[in-house]
Structure formats: structure tokens, C-alpha cells
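Presented below is the structure to which this report refers.
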Amino acid sequence: MWRERASWREGVSILALMTTGRLLLTGATGYVGGRLLPLLEARAAPLRCVTRHPEALRARVGPATEVVAGDVTDPASLRSALQDVHTALYLVHSMGASGHFADADRLAAEAFGAAARNAGVARIVYLGGLGREGALSPHLESRQEVGRVLAAAGVPVVELRASIIIGSGSFSFEMVRALVERLPVMVTPRWVRTPAQPIAIEDVLAYLLAAIDAPPEVSGVFEIGGFDRTSYLGVMREYARQRRLRRWMIPVPVLTPALSSLWLRLVTPLYAPVGRALIEGVRNETIVRDDRALRVFPVRPRGFAEAIRRALENEDRDYAETRWCDASPFGDREPRKTYRTRIIDSRAARVAATPEAAFRPIQRIGGDAGWYFGDGLWRLRGFLDTLVGGPGLRRGRRHPDLLRPGDALDFWRVEEVEAPRLLRLRAEMKLPGRAWLQFEVAPAGPGEVEIRQTALFDPRGVAGRLYWYALVPVHGLVFGGMLRGIVARAREIPDRSDRFRRSRG
């Protein structure tokens, strides 16, 4: 067996070069898909990404990668997306969605599987979740059902079932980090002791790449996990040890998933539905009982302590490469409603600055930098948002200076950015309607630019109108102060340059 595995490793690079068919990546804006994207771009095979929001992805891909608009629930868009595709990677699911997510995931898998079969796709690679069938949580059951539906379509499927994924910016790592960093003393319910086999994000990616390169006869379900077994309690203790934090964890006999998710809503950056789904899944053992993946794929996963160490190294950088909130359960799953009214609040100010200097504070807005006025009011709005299940301000921002389409920015989502001209944010806080916040910079005369700040709101019914008009005084105060703060900071940048030139002179 070891001789067979070694000979396959030697032949993987040859097989990869021989595989001239196109790769299709779904879920490229998500956590795992975003990490996999540059690895696929480094390969010889042409790559196509399909997404409902191509404008949010084009800024992240290389010039050779094709980005097409499509929806896994829309057979018409899938027909063109899957044309000339050899291997399709299916990395989409509805963990953060509310309502009948299992039905939506089933229908999407049926549509994708049928379209892949009709297009002549040779293989589908799918990332699912570990857990023994029978008493699974709704989300884990749905993840495994998707694998069965894809396989039933008739295209060979390699389904990788993973346990807890540890990496900078992952769901699980963000939860552990928030709990351990913020709570010197915490009560620990029974679910934190459930056996699991955490796996590093790097090893998940290695398995996905190995699945692409596997011989044609390789298919079926493969359970993947890290080198050793532990639990969320073990992960939290190891995190505290590596961070040199003294933490007291007090076990309690009962703390239901519902109560646990309410608590997580207040002290971690997870959305309420995501936290609830995560905890419901943690009640199930997620350990590898079938080691076929180790016998078939040339991957030797590391232990969870090493996975935490590497995640902390990446977390200590300015930003994580991708984060769990990159794929939003709010903006992407927004109900299709009719909005007949649009309310616009627009204001502008001139400043003696270059467009680049004027745009710089706009591009740094949110996160640790704040909103330039009334940060206490912003924090209050964020706290109220968390109470009703919204993201609040806990997501922060990926990078202190740079923004790209699709980035989470507190309780906003970057919809479009064109430095030094435009930044448009789409609201993801809980609202009776839809909202955007837009900043524009344009020349306004010799040595001057105009900064225009516009809030747009599409109210949903009477409740939406009442919400907006009740907050008109607050909006006037906060939006006006924010624009003045941006102007003040735009003026500071050339002032510092002038002082520097004078000191050099």
C-alpha cells in the first residue's frame, strides 16, 4: 500500500498536467473557496468561477481566471457555467440561512448534479460535514444529504466530510478566540466536551487538491480529520495555553443550544443563526471512523495544536486571507420583495485635497478606525442589531487600509469600490427595508475635490417608513458629523506632507 501511495504521489504532477479540462469553482467568495482559489490559479488547468455576484469576485482573481454570473439553483445559468468543465468543486451551503435551508440545499444540489451530468462533467468534488447518520443536527444532516443528492445524479463524486476546521478567520476559530480572549471565567455546557477531530484549513485544502488529481476510479465518501482527537473544550484550553492566558472553565450540567446561541450572540462575532447551527452540530461526534482517506490520498494532516499555532500566526497579521463572514447569510439570501419607494439623504462638502487624500479616510472607515463621529451611537446601534440576530459591529474589517468588493465591514458589505472615486456599502444589519451608504469623490476646481455622502433606503411598508422618519434627527446628527470628520482627516494628509517638505527644506 505504501508503495502504491508513493507511486501515485510521483504521478500526481504528471496527471495534473495531462488533465487539460477546465476546473469550475463554486463558493469562491466563501471561507474555504476563497483559500482554495489562489491554489487553483497556480495550476496549469484553466479555471472558471461561478457566483451570483461576479462584481464581488473579479477584484480577487487573476487575469487568467474566468468569472461568470450564475446560481446553483438556476439550471439555465448552470448550463453555460459547466460547459467544457472537467472537474467541478461544489463548496456552497446554507449554514447561515434561515427558513427551509435543507429544502433549498437539496434543490440546489439536484439542479447542479443534473446540469453537471448533462454537461459531461467527469467529477464533482464536494466538502461536507462529519457525523454518523441517524441523530445528526439539521445542518449536518443537510450537508450529508447534499452529498447523496450529488452522487445520485450520475456524476462521480468525491465527498470529503470534515470535522471542525481550524484556521484564521474560520467559524470555529473565531468563536474560540472570542470566548477565550474575552472571558477569564466561563461556564462550559456538555456540548463543548463532545469528541471531535479538528483539521487545519491547510489540510482541508490539501485534500481538495488531492481529490482533483485522484485517478478516475476514486470516488465516494472520505472522512477527513486532524492527527488527533479532542473537543471544543480541548481547543479552547490549547488556545489559552498558546496565548498564555489563565482561564477558568466551569462545567455546568445543562445549557441548551438555544441558550448557548443567545450567549454566543453577545460575546462572539457569530450571527445568531450561524451560532445556533454551529452548536447544534457540535452535539454530534465528528471523529474519523473510516481511515480510507489516509490510504487513498497523499495527505498527512497535522494535530490541532499545530493548527491553532498556524491560525494564530495568520491572525496576528493585519488581516486573515479569508474570513467566515466573507460569504454573507444576509445579503446573498435576501428575500425578493417589492420596494416602491426610495428615500435619499445626500450631503456634500468641498476640501482642498487631492482625490487620493480625500478618499483615504473613506477607505479606512469602520473597524478599529470607527465612523469619525458618534462612535458611541454606532456601538449602540450595533448592540441593538445583535439582540435581534444581526451581525452588529463585531465583524470589523479585513484590512485597516484596503477594501475590496464583498468584504464585510462591521454591519455593512462592500458592494463596490473604485479608488479614489467611489465606495458603496450595502447594509446587512436588521432593517425594515434595504439600505446603502455611498461615498463619492470628484474634482471641484483647482486643488479642490467634492466629497459626497449619500444614504439610500428602500423602506418595506409602513414599518420601514416609520423607522426612517423616526431616526431623521439621529441620521442628520451622525451623517453630518461623519462627513465633517472625513473632511477633517482629508485635510490632515496634505498638511503633514507640507510640514515634511518644509522640514526637509
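The values are calculated or read from the model by the stated rules, or taken from the named source; none is laboratory data. This one's a predicted model, so the numbers in the text were calculated from it and none came from an experiment. Note that we place each Cβ from the backbone using ideal geometry, even for glycine, and neighbour counts take in every protein chain shown. Calculation scope for accessible area: heavy atoms of the full protein, side chains included, ligands and nucleic acids excluded. Shrake-Rupley method; radii C 1.70, N 1.55, O 1.52, S 1.80 Å.
What the table below lists for this structure:
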quantity	calculated
Value of D in µm² per second that Stokes-Einstein yields for the stretch 148-232, Kirkwood Rh from Cα pairs, at 4 °C (1.567 mPa s)	86 µm²/s
Net lengthening on full extension, Leu380/Leu422 (0.36 nm per residue, minus Cα-Cα)	12.4 nm
Descending principal axes extents, the stretch 83-242, alpha-carbon based, whole Å	56, 35, 26
Using a Förster distance of 41 Å, the FRET efficiency for Glu66-Arg106 (Cβ separation, nearest 0.05)	0.90
Surrounding net charge for Val478, when Lys and Arg each add one and Asp and Glu each subtract one, Cβ distance under 13 Å	+2
Using distinct alpha-carbon pairs, which all enter the 1/r mean, Kirkwood radius of the stretch 97-165 in Å	12.5 Å
Stretchable slack from Glu55 to Arg342, in nm (0.36 nm times residue separation minus alpha-carbon distance)	101.0 nm
Rounded FRET efficiency, nearest 0.05, which uses the C-beta distance separating Met186 from Arg243 and R0 of 22 Å	0.90
Accessible area (Å², per residue) of the stretch 373-412, counting only protein heavy atoms and a probe of 1.4 Å	38 Å²
Fraction of accessible area attributable to carbon and sulfur, the stretch 82-175 (%, probe 1.4 Å)	53 percent
Space enclosed by the convex hull of the alpha-carbon atoms of the stretch 32-178, per residue, Å³	131 Å³
Under-5 Å amide H pairs with Asp410, H placed in peptide plane, nonlocal only	Gly367, Arg395, Gly396, Arg397
Potential lengthening between Glu450 and Arg491 on full extension [0.36 nm per residue; Cα-Cα distance subtracted]	13.5 nm
Where Rh is the Kirkwood radius over Cα pairs, Rg/Rh for the stretch 448-496	1.17
